[in-house]
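Accompanying notes for the structure given below.
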Amino acid sequence: MQSRILARRDLEFILYELLDVGTLTSRPRYADHTRETFDAALDTCERMATELFEPHYRKNDLNEPHIVHDNDGGERVHIIPEVKQALNAFCQAGLMAAGQDYDLGGMQLPVTVNSACFAWFKGANVSTAGYPFLTIGNANLLLAHGSKEQIDTYVRPMMEGRFFGTMCLSEPQAGSSLADIKTRAEPQADGSYRLFGNKMWISAGEHELSENIVHLVLAKIPGAPPGVRGISLFIVPKKLVNADATLGERNDVVLAGLNHKMGYRGITNTLLNFGEGKFTPGGTPGAVGYLVGEPNRGLACMFHMMNEARIGVGMGAVLLGYTGYLHALDYARNRPQGRHPGAKDPGSPQVPIVEHADVRRMLLAQKSYVEGGLALCLYCARLVDEQKTGECEDARKEAGLMLDILTPIAKSWPSQWCLEANNLAIQVHGGYGYTRDYKVEQLYRDNRLNPIHEGTHGIQGLDLLGRKATMHGGAAFKALGNAIGKTVQQGLQHEDAQTRRYAADLANTSTRVAETTRKLYAPNDLQKTLANSSVYLEAFGHMVVAWIWLEQSLTASRNYKEADSDFYHGKWQACRYFFLWELPKVGPMLDLLESIDTTTLDMRDAWF
């Protein structure tokens, strides 16, 4: 039976045909691998996700983590036992370190393949998958910016699955405005710091799933510059680690409460107090912390994890949309209802709803969103491989530029449109879709959080238009334009007239987006330039996904095999849908942007 988590054939098409990951095995880092080792890793992850993660997806939602009180007056978080069982198996299989160096116990899987492997867990149970997702991101940040001692003390246990990790950015009064955080870090004579403050919305912030929790905390050292220029980054473990690597006394990191969200209910989401005074390690007030990198450079360090998390959030949105699509498709094929318009015999058997044109429209829209989103996110992972192992400096630099400009798209576009896929999956199910008896209801609730996770659409729009589109004199924008241009040229030379039309439409859209970008900056008024940046983000995203779909269509043409004709025809039809139904939406958005509309700026509070 075909999986309803993710379509393996589509995953293989993206990896081996579209992104050609097999060529990575010629590079020294991946020389020990072959397609057979890649497939073995995918097989393992598909099996574990299906057998250990997916079965408690609903139970996780209905039995969310809650605080229980111990006999001695202490508090802990109760989590259903299936979560720990699944995570123990995940760690024992070496998957926490799958992409890391052999020296760290890793397998040195390419980032692209590792991302495809982890996709199975996100699709099976996004809440339980959140614990390793955050831990891996935490470890990658410390590998990039931490000292050797910090790597040995914290990263190695995380790669073994003994420690889990978090990221602690937001505060109740600051939200996404990190310039306004108030958590302070007071330097100590021994080189450590004592932290005092509160953090909010901390996923995986408290649990008993691991021996220790490694918090990465943003705070300000007294006397630091104002705003984001004065933010530093600290390791603050739940339990201190002794010089001999054993666990020491409890740090002064205290659970202040749990947030109860509409989705992702299976992962703890916490309010944490640092330096509350409940614990006084070493007899001194404050939570013990250790500086990562240089003072006042913490946000630059944290962006390493934040950018990785943004693409990861996009991938999570894709997988929630993808499994919703597969459930809707299965339902539509097996649910008889109604007859074809114009049927002459009212007593004839009902037909499966997949035969109704409007249901096909909804399924085709979902297919175009989720398969386009999956290809986009894995393309970004392929850029990371190129950035790390590219054969020349120019290739590595260009990959970095492409990754910079695509990150806000990879985060936000799936969070919007794969959520819409979930919305359509509910619609396909009809009245059943709104009940808890069918999975699509929970999938929608889970995915609704992703437009918020790791920066809202508004924040991503500001990042794209206000920074990424103009950075380095527009170098990232130009790199993307060149990549799109190469695909357009291939499309214009294609023997199929429809493909040539799509290529021409993409070329026109790309040219217009470039023109619109210039016009938005023409007023020399940043308020006006950025006022409608969310619309710019959406238009830009549709252009990018149209490019990804044209690439998929061209790849399908090159690799077409009659024995697999249904699959390739499905790709062409989804591409056709996106170019005829979705890409035309960009024109009116660009018209609005070019008008430098100030409706939102002109609105006053009292008028609402």
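What does the C-alpha gyration tensor say about the overall shape of the stretch 293-420? Classify as rounded when a/c is under 1.5, otherwise prolate if a/b is larger than b/c, or oblate.
Prolate, since a/c reaches 1.5 and a/b exceeds b/c.
Taking the alpha-carbon centroid of each part, what is the distance from the stretch 335-351 to the stretch 477-553 in angstrom?
Between the Cα centres of the stretch 335-351 and the stretch 477-553 lies a distance of 44 Å.
Under the 0.36 nm per residue contour assumption, what length would be gained going from the current alpha-carbon distance of Ala497 and Leu592 to full extension?
Gain in length upon complete extension: 31.1 nm.
Between beta-carbons, use under 14 Å as the cut-off and find the net charge around Lys486, counting Lys and Arg +1, Asp and Glu -1.
In short, -1.
Checking the a/c ratio against 1.5 first, then a/b against b/c, what shape does the Cα gyration tensor give for the stretch 103-207?
Since a/c reaches 1.5 but b/c is at least a/b, the shape of the stretch 103-207 is classed as oblate.
For Lys486, list the lysines whose Cα falls under 16 Å from its own Cα; do not include residues on the same chain fewer than 8 positions away.
Lys478
Taking the solvent-accessible surface of protein heavy atoms with a 1.4 Å probe, what is the per residue accessible area of the stretch 200-319 in Å²?
35
Mind listing which GluC sites (Glu not before Pro) in the stretch 398-500 are in a DSSP loop and have 11 or fewer other Cβ atoms within 10 Å?
Glu495
May I have the extent of the alpha carbons of the stretch 498-574 along their three principal axes, as whole Å values ordered from largest to smallest?
Largest first, the stretch 498-574 extends 58, 20, 14 Å along its Cα principal axes.
Normalising by the residue count of the chain, find the relative contact order in percent from Cα pairs under 8 Å and 6+ residues apart.
Relative contact order comes out at 12 percent.
For the stretch 140-267, what number results from the quotient of the Cα radius of gyration and 2.2 N^0.38 Å?
That ratio works out to 1.08.
Give me a comma-separated list of calculated 3J(HN,Hα) values for the stretch 149-160, in order, Karplus coefficients 6.51, -1.76, 1.60 applied at θ = phi - 60°, integers in Hz, x for any Gly or Pro.
4, 5, 5, 5, 6, 10, 6, 4, x, 5, 5, 7
Treat every Asp and Glu Cβ in the chain as -1 and every Lys and Arg Cβ as +1, leave all other atoms uncharged, and give the resulting dipole magnitude about the Cα centre to the nearest 20 debye.
920
Can you work out the base-10 log of I(q)/I(0) for the stretch 376-481 at q = 0.19 1/Å, using the Debye formula on its C-alpha atoms alone?
Values, matching the q order: -0.92.
Debye sum, Cα scatterers, the stretch 256-308, no solvent: what log₁₀ I/I(0) at q = 0.18, 0.32 1/Å?
The calculated log intensity ratios at q = 0.18, 0.32 Å⁻¹ are -0.93, -1.07.
Just flag the GluC sites (Glu not before Pro) in the stretch 180-220 sitting in loop per DSSP whose Cβ has no more than 15 other Cβ atoms within 10 Å.
Sparse-neighbourhood loop GluC sites (Glu not before Pro): Glu208, Glu211.
What Cys residues in the chain are without a partner cysteine, judged by a Cβ distance under 4.7 Å?
Cys91, Cys168, Cys301, Cys377, Cys380, Cys392, Cys418, Cys575
Between Leu18, Val254, Thr284, whose Cα lies farthest towards the positive end of the dipole of the chain when Lys and Arg beta carbons carry +1 and Asp and Glu beta carbons carry -1, centred on the Cα centre?
The one lying farthest along the dipole's positive direction is Leu18.
For a quick size check, give me the Cα extents of the stretch 83-141 along its three principal axes, largest first, whole Å.
The Cα atoms of the stretch 83-141 stretch 28, 21, 21 Å along their principal axes.
Translational diffusion coefficient of the chain at 25 °C, 0.890 mPa s, Stokes-Einstein with Kirkwood Rh over Cα pairs, in µm²/s as a whole number.
The diffusion coefficient I find is 96 µm²/s.
If r is the Cβ-Cβ distance from Glu294 to Glu355 and R0 is 51 Å, what FRET efficiency results, to the nearest 0.05?
Given R0 = 51 Å and the Cβ-Cβ separation, E is 0.20.
Run the accessible area of the chain with a 1.4 Å probe and give the carbon-and-sulfur part as a rounded percent.
After summing per-atom areas, the C and S share lands at 51 percent.
Could you work out, for the stretch 438-558, what percent of all Cα-Cα pairs fall into each 5 Å distance bin, beginning at 0 Å and stopping at the bin that holds the largest distance?
Using 5 Å bins, I get a P(r) of 2, 10, 17, 18, 15, 13, 12, 9, 4, 1, 0 for the stretch 438-558.
Excluding the sites themselves, what is the longest stretch of the chain that contains no trypsin sites (Lys or Arg not before Pro) in a DSSP loop with at most 13 other C-beta atoms within 10 Å?
The longest uninterrupted stretch comes out as 1-181.
Averaged per residue, what accessible surface does the stretch 44-122 expose to a 1.4 Å probe, in Å²?
On a per-residue basis, the stretch 44-122 sits at 42 Å².
I'm checking a number: the convex hull volume of the Cα atoms of the stretch 152-193, normalised per residue, in Å³. What is it?
Convex hull of Cα atoms, per residue: 112 Å³.
Could you tell me which of the pairs Lys367/Lys561; Lys367/Lys411; Lys220/Lys528 are separated by over 25 angstrom between their Cα atoms in the structure shown?
Violating the 25 Å Cα-Cα cut-off are Lys220/Lys528.
Quick check for you: with a 1.4 Å probe and neighbouring chains kept, what is the accessible area per residue of the stretch 355-417, in Å²?
32
Normalised by the number of residues in the stretch 244-374, what is the relative contact order in percent for Cα pairs under 8 Å and 6+ residues apart?
Relative contact order of the stretch 244-374: 17 percent.
Cys418 accessible area, nearest 10 Å², 1.4 Å probe?
0
Could you tell me whether the stretch 15-170 comes out rounded, prolate or oblate from its Cα gyration tensor? Rule is a ≥ b ≥ c as square roots of the eigenvalues, rounded for a/c under 1.5, then prolate if a/b exceeds b/c, otherwise oblate.
Cα axes put the stretch 15-170 in the oblate bin.
With charges set only on the Cβ (+1 for Lys and Arg, -1 for Asp and Glu), what does the dipole of the stretch 98-162 come to about its Cα centre, in debye to the nearest 20?
In total the dipole reaches around 200 debye.
Compute the helix-to-body angle for 298-334: its Cα long axis versus the longest principal axis of the chain, expressed 0 to 90° and rounded to tens.
The angle comes out at about 40 degrees.
The values are calculated or read from the model by the stated rules, or taken from the named source; none is laboratory data. The structure presented is a predicted model; accordingly, all values stated were derived computationally and were not measured. Heads up, the Cβs are rebuilt from the backbone with ideal geometry, glycines too, and the neighbour counts pull from every protein chain shown. When the accessible area is computed, the model is the full protein with side chains, heavy atoms only, and any ligands, DNA or RNA have been set aside. Shrake-Rupley method; radii C 1.70, N 1.55, O 1.52, S 1.80 Å.
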